[in-house]
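Colleague: After the structure tokens below, expect a handful of questions from me.
The values are calculated or read from the model by the stated rules, or taken from the named source; none is laboratory data. The structure displayed is predicted, hence computed values, not measured ones. For neighbour counting, all protein chains shown are included, and Cβ atoms are generated from backbone atoms with ideal geometry for every residue, glycine included. Calculation scope for accessible area: heavy atoms of the full protein, side chains included, ligands and nucleic acids excluded. Shrake-Rupley method; radii C 1.70, N 1.55, O 1.52, S 1.80 Å.
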Amino acid sequence: MVEYAIVAENLTKMFNGNIVAVDNVSFKVNEGEIFGLLGPNGAGKTTTINMLTTVLKPTKGRASILGYDVVKNASMVRRLIGVVPQEYTADEDLTGFENLILCGDLYGIPRDVSKKLAIELLELMELTKFKDKKVETYSGGMRRRLELACGLINRPRVLFLDEPTLGLDVQTRSAIWNYIKKLKEEYNITILMTTHYMEEADSLCDRIAIIDHGKIVVSGTPEELKNSVGSDVMEIMIREKEDVTEIIENITYVKEVHRRDDGSYIVKLEDGETVAPMIIENLRRNGYHVIKLSISKPTLDEVFLTYTGRALRDSEEGREAILSQRITLKKARR
Amino acid sequence: MNIEIYDRSVFKAMLQGFWGLTSRELKKWMKEPIILFMAIIQPIMWMVLFGKSMNIGAIFSSSTITNMIIPDIKIPGYLLNPPVDGVVTIPGSVASEIVRNMLSGISSKAVESVFGVSDYFSYLAVGMISMITIFTSTFSGMSIVWDRRLGFLYKVLSTPVPRTAIILSKMFNAAIRSIFQSTIILLLAIFLGIKFSPTFSLMSLVAIYIAIFLFSAGLSSLFLAFALRSTRHETQMAIVNLFTMPLMFTSNAFFPTTLMPEWLQGIARVNPVSYITDALRQLTIYQINYEILLTDFIYLTAFATILSTIGIVLSWKYLTK
Ligand SMILES: Nc1ncnc2c1ncn2[C@@H]1O[C@H](COP(=O)(O)OP(=O)(O)OP(=O)(O)O)[C@@H](O)[C@H]1O
Ligand SMILES: [Mg+2]
């Protein structure tokens, strides 16, 4: 029998009896797979991870990791998994190395083994130079990499990454992507990650589930999802200020038109290259001038837009909220 | 992969988790000596201001009598036994000296009968050991709240380390800090002239540490239990403030319970602070009364056992995200 790495069945979490954060979520993840939970702020990604990692008890439903139930067999599950939470969890007053040893202690790893592992992981995460510096002095990217190292100290078979690249710059982000790919290739670790960066999900994940308002809206491989949307997206800008939604809508092959606040139009259509001249011609005949036009093949953004009816909210917003929260905490501590 | 190599006995793994968490707290503490300094400054102020500067003995004597000027006393020689010739003169200064000595003897007797020792400083200094232990133990709950807010607790909760180990590590940390700070207070008290009783020995010191450990374990468990679900350090702070002063003043830490009104004595009799303070005084400045000391220790052991059990059991249920 093939054992799934992660199984979630009708997983539900209610807070305070009325807020449904996760609503009947079911999915299965094969061993060695990278599975992505993609969704906007407040979609319920972290809450789902919290239940899978035994930190929160599900209100309803069940889940298991490598066959072990997350409620009944919590301590076994905790030994098999590694968790890299969304927030920074390292102790700021300790050094990076001390933090890793502490993580090892929490898993009951003998000190001589954990020291070796810690040095290995610090090397992998390129933190060796800073290993004896207090975490307080680390940059965001360094801290994220330290968290990753902590999550790996027990050589987990299933790794949970909650927004592993949140708030990082482009270079650091791609470095972390490389680590994640390496983990999968070299150790065959099963990874469940959450993100609200589309390109991240697209390039890393074998399969994706889009989650919104606590529900899984759709799931599949990135290719499947993109194909299911099945259309190209065209962006048009015209010189005139009038609303020409109707004119565009009436053209054959055009599926959907969406007018943006800045006056540009997002047009969904089949076979964009062929239809584009028709649209330009049609608008000209009505006295409007196209000044800009671009065609893009479907991306996960479109998938998201299609299945949830709205664009994924600006990800920078979430990042700033987290940063400001951190600053508040630091101040409060003084 | 090979998780088997870490598949050690549950107990060993727990012990390691416990030790990891405890040494983390101790490391943090040692890296920030200012915390230690702030903690001991208040007891030191009490010792110096109230124990040293104020002459409590004076309350029990009449200054008007001791300052009275006594004229020279002339006693006819024949009144004495054996009789002598002439008149014997006792200078007034000598007479007043005798009276003063007599009275101050009475006042120190009075201090002794009330406080059990002849100087208030020694009495108060030992009370300060209780005080520092109360401060340190009640604050243990704060660190759980901080761990929660800073995300550290979240990580710990997703690892296999037993919840019991989390609570025990905080409890131990409070106890170790209390013992260390008490030692500083004790050394300072020696420097300032605490008068140990003849029964004080090295064994007393061991017993002192055990007593402090028991008291701190019990009290910190109580405040850790309050903090299990708390996310606001303000709330925790309020709880600490609500408890510490009443705990101190309804006990014998500053003054003997015999000076208290009846109802307050009733509270003092169940207040654990009275028991730790009495145990410490028995072991340092009193002539040890083993029967009383035993009662103190039985009480403290029960206090520590019951409260830490409650704390641990509650943590299984309530120490969650
Ligand atoms: N402890 C809690 N008490 C009450 N409501 C909560 C709690 N934790 C989460 N929620 C709510 O549950 C919903 C899902 O939150 P969750 O943190 O899982 O979202 P998320 O998908 O991880 O979002 P983000 O991208 O911002 O991290 C939100 O509406 C949030 O307000
Ligand atoms: Mg989240």
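Colleague: Given the DSSP H assignment, sum -39500 (n - 2.57) over each helix run of at least 4 residues in chain B and divide by its residue total; what's the result at 222 nm in deg cm²/dmol, nearest 500?
Modeller: That comes out to -23000 deg cm²/dmol.
Colleague: Can you tell me the dipole magnitude for the stretch A:100-236 around its Cα centre, using point charges on the Cβ only (Lys, Arg +1; Asp, Glu -1), in Debye to the nearest 20?
Modeller: Around 760 debye, computed over the stretch A:100-236.
Colleague: Follow-up question, since we're still on this one. To the nearest µm²/s, what D does Stokes-Einstein give for the stretch A:137-177 at 25 °C and 0.890 mPa s, using the Kirkwood radius over alpha carbon pairs as Rh?
Modeller: 227 µm²/s
Colleague: Suppose we flag GluC sites (Glu not before Pro) only when DSSP calls them loop and at most 14 other Cβ atoms lie within 10 Å. Which is the longest uninterrupted stretch of chain A?
Modeller: That gives A:4-125 as the longest site-free run.
Colleague: Translational diffusion coefficient of the stretch A:77-227 at 4 °C, 1.567 mPa s, Stokes-Einstein with Kirkwood Rh over Cα pairs, in µm²/s as a whole number.
Modeller: This corresponds to a translational diffusion coefficient of 80 µm²/s.
Colleague: When the expected Rg is taken as 2.2 N^0.38 Å, what fraction or multiple of it is the alpha-carbon Rg of the protein assembly as shown?
Modeller: That works out to 1.42 for the protein assembly as shown.
Colleague: Can you bin every Cα-Cα distance in the stretch B:163-321 into 10 Å intervals starting at zero and give me the percent of pairs per bin, rounded to whole numbers?
Modeller: 10, 34, 36, 16, 4, 0
Colleague: Of B:MET248, A:THR245, B:THR231, which is farthest along the charge dipole of the protein assembly as shown in the positive direction, counting Lys and Arg as +1 and Asp and Glu as -1 at C-beta?
Modeller: Result: B:MET248, furthest along the dipole toward the positive end.
Colleague: Another question, if that's okay. Can you list the aspartates and glutamates whose alpha carbon is less than 13 Å from that of A:LYS133, not counting same-chain residues fewer than 8 positions off?
Modeller: A:ASP91, A:GLU92, A:ASP93, A:GLU98
Colleague: Counting only Cα atoms, I'd like the Rg/Rh figure for the stretch A:231-296, Kirkwood definition for Rh.
Modeller: Rg/Rh for the stretch A:231-296 comes to 0.90.
Colleague: In 10 Å bins starting at zero, report the fraction of Cα pairs in the stretch A:1-149 per bin as a rounded %.
Modeller: Whole-percent P(r) values from 0 Å outward: 10, 33, 31, 22, 4.
Colleague: To the nearest 10 square angstrom, what accessible area does A:ARG259 show with a 1.4 Å probe?
Modeller: Its accessible surface works out to 90 Å², give or take rounding.
Colleague: Work out how far the C-alpha atoms of the stretch B:252-320 reach from end to end along every principal axis, then list the three figures in whole Å, largest first.
Modeller: 47, 27, 17 Å, listed from the longest principal axis down.
Colleague: Just A:VAL29, A:VAL71, A:VAL267 to compare: in a GNM of chain A, with alpha carbon springs under 10 Å, which one fluctuates most?
Modeller: A:VAL267
Colleague: Stretched out fully, how many nm does the piece from A:LYS116 to A:ASN16 gain, at 0.36 nm a residue minus the Cα gap?
Modeller: 31.6 nm
Colleague: Angle check, please: helix B:10-31 long axis (alpha carbons) against the longest principal axis of chain B (alpha carbons), in degrees 0 to 90, nearest 10.
Modeller: Taking Cα atoms only, the helix is inclined about 50 degrees.
Colleague: Okay, moving on. In degrees, nearest 10, range 0 to 90: what is the angle between the Cα axis of helix B:202-227 and the longest Cα principal axis of chain B?
Modeller: Result, in degrees: 50.
Colleague: Students often forget the sequence filter, so: which lysines lie under 28 Å Cα-Cα from A:LYS184 once same-chain residues fewer than 8 apart are removed?
Modeller: Correct list for A:LYS184: A:LYS28, A:LYS45, A:LYS115, A:LYS116, A:LYS129, A:LYS131, A:LYS215, A:LYS226, B:LYS155.
Colleague: In whole Å, what three semi-axes, largest first, describe the equivalent ellipsoid of chain A built from its Cα gyration tensor (square root of 5 times each eigenvalue)?
Modeller: Each semi-axis is the square root of five times an eigenvalue, giving 43, 23, 18 Å.
Colleague: Same structure, new question: Could you work out the helix-only [θ] at 222 nm for chain A, with each DSSP H run of four or more residues adding -39,500 (n - 2.57) and the total divided by the number of residues, to the nearest 500 deg cm²/dmol?
Modeller: Result for chain A, helices only: -12000 deg cm²/dmol.
Colleague: So, one more: Give the value in nm², to one decimal: projected area of the alpha carbon convex hull of chain B, averaged over all directions.
Modeller: 23.3 nm²
Colleague: In addition: Roughly how tilted is helix B:33-46, in degrees to the nearest 10 and between 0 and 90, from the longest Cα axis of chain B?
Modeller: Taking the Cα atoms of chain B, the angle to B:33-46 is about 30 degrees.
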